[in-house]
Amino acid sequence: MSKPLRKVVFPVAGLGTRFLPATKVVAKEMLPVLDKPLIQYAVDEAVDAGADTLVFVTNRYKHAIADYFDKAYELEAKLQEKGKDELLALVQGTLPRNVRAIFVTQPEALGLGHAVLCAKPVVGDEPFGVILPDDLIWNQGKGALGQMAELAQGQGAGGVIAVEEVPQTDTDKYGIVDATPIDPRSAQIRHMVEKPKPSEAPSNLAVVGRYVLPGRIFELLEKTTPGAGGEIQLTDAIDALLKEQGKVLAYRFEGTRFDCGNKAGLVRATMHMALQDPKLAPVVRELLAGL
Ligand code: G1P
């Protein structure tokens, strides 16, 4: 991949049923880990990777995400008037000035592959990133997508997919790759399969929510028929890409991933972030010691 990564797609049209009743009105991507919503962690990671165009694939229930990244005139004026500069910077900093947000609609929930395909008119024929905001990846240094973009450029790879090992019993929750190791962090993918039964999985190396993909994937998605769960799967289109052009890499990112698509993961992420905060860490430690 020769061009730098400028566009990142965020599929955010899911219903978030695991967090009902809160998600009856709150988009699951707006659930906070401490004081930042999940979508903000994802956007920060995309911007860190060099993106200047963020494409949100959304639906009619997710207006809060557009509102969140919009200018809040009244609030900003009030904070300015009161000299609350730090708060003002937080409110204005949700989206850097040089970055634009574009919203496209996914009219029907036909799967992750279909959601990504909805971004085709905005992305066109250039490499792009995909971040699934449910997977919060924390790293002290460069973010996971930034690491992947660097690898894609350095290796001239057609695509890079983030992976991590999961228990063999969990393979039916993930896309699973069959890959030949290149070095401790990267591997050449041979084959990918969406949510295989543990007895049929080619490995326990699971896809997590970060992808660097070429524009060609859109044409392959257009031809992809419903797969696992009756949905149009991104995994199946990437598998077709592999058959066309060999070099799609699996990458074990540097960082810790929290699956915030479920309650346990959201609790873990919150505890982890609280322990990074000098004011909150003693409170959490005291609470845990008391238990
Ligand atoms: C999606 C992908 C799957 C991937 C997972 C990572 O599944 O289809 O390949 O492993 O995200 O979070 P979902 O969690 O949307 O069912």
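Lysine pairs in segment 69-212 whose alpha-carbon atoms fall under 24 angstrom of each other, counting only those eight or more residues apart or on distinct chains, come to 4. Toward the positive end of the charge dipole of the chain, with +1 on the Cβ of Lys and Arg and -1 on the Cβ of Asp and Glu, the farthest Cα among 162, 218, 275 is that of 275.
For Cα pairs less than 8 Å apart in space and 6+ apart in sequence, what is the mean separation divided by the residue count of the chain, i.e. the relative contact order in percent?
Details: 543 pairs, mean separation 65.1, N = 291.
Averaging sequence separation for qualifying contacts and normalising by length gives 22 percent for the chain.
Annotation: amide H of residue 260 within the under-5 Å range of 135, 136, sequence separation 5 or more or interchain, hydrogens built in the peptide plane. Put in line by how crowded their Cβ is, counting other Cβ atoms within 10 Å and starting with the fewest, 73, 68, 251 read 73, 68, 251. Averaged over residues, the count of other Cβ atoms within 10 Å places the peptides 211-222, 226-237, 15-26 in the sequence 211-222, 226-237, 15-26, highest first. Using C-alpha pairs under 8 Å with a sequence gap of at least 6, the mean separation divided by the residue count of segment 1-103 gives a relative contact order of 34 percent.
Taking a ≥ b ≥ c as the square roots of the eigenvalues of the alpha carbon gyration tensor, segment 71-123 is prolate, as a/c is not under 1.5 and a/b beats b/c. In this structure the amide hydrogen of residue 175, modeled in the peptide plane, comes within under 5 Å of the amide hydrogens of 195, 207, none closer than 5 places in sequence on its chain.
Which values, in whole Å and largest first, are the semi-axes of the equivalent ellipsoid of segment 144-291 obtained as the square root of 5 times each eigenvalue of the Cα gyration tensor? Working shown, then result.
On the way: eigenvalues 211, 69, 39 Å².
Ellipsoid half-lengths, sorted descending, are 32, 19, 14 Å.
Near residue 130: Cβ cut-off under 12 Å, other residues only, Lys/Arg at +1 and Asp/Glu at -1. The net charge is 0. Evaluated with a Cβ-only charge set (Lys, Arg +1; Asp, Glu -1), the chain carries a dipole of roughly 200 debye about its Cα centre, given to the nearest 20.
If each DSSP helix of 4+ residues adds -39,500 (n - 2.57) and the sum is divided by the residues in the chain, what number results at 222 nm, nearest 500 deg cm²/dmol? It would help to have the intermediate numbers written out before the result.
Values: 11 runs with 99 residues, N = 291.
The per-residue figure over the chain is -9500 deg cm²/dmol.
Note on residue 223: aspartates and glutamates with a C-alpha under 18 Å away, same-chain residues under 8 apart excluded, are 108, 125, 194, 231, 236, 239, 244. In order along segment 35-47, the Karplus-derived 3J(HN,Hα) couplings, from 6.51 cos²θ - 1.76 cosθ + 1.60 at θ = phi - 60°, round to 9, 10, x, 3, 5, 5, 4, 5, 5, 4, 5, 5, 5 Hz, and Gly and Pro are given as x. Neighbours of residue 94, meaning other residues whose beta-carbon lies under 10 angstrom from its beta-carbon, give a summed charge of 0 when Lys and Arg score +1 and Asp and Glu score -1. Neighbour counts of C-beta atoms inside 10 Å place 252, 100, 60 in the sequence 60, 100, 252, starting with the fewest.
Taking max minus min of the alpha-carbon positions on each principal axis, the chain gives extents of 60, 48, 38 Å, largest first.
None of the figures in this text is laboratory data; all of them are computed from the coordinates on show. All values derive from a computational prediction rather than experimental measurement. Heads up, the Cβs are rebuilt from the backbone with ideal geometry, glycines too, and the neighbour counts pull from every protein chain shown.
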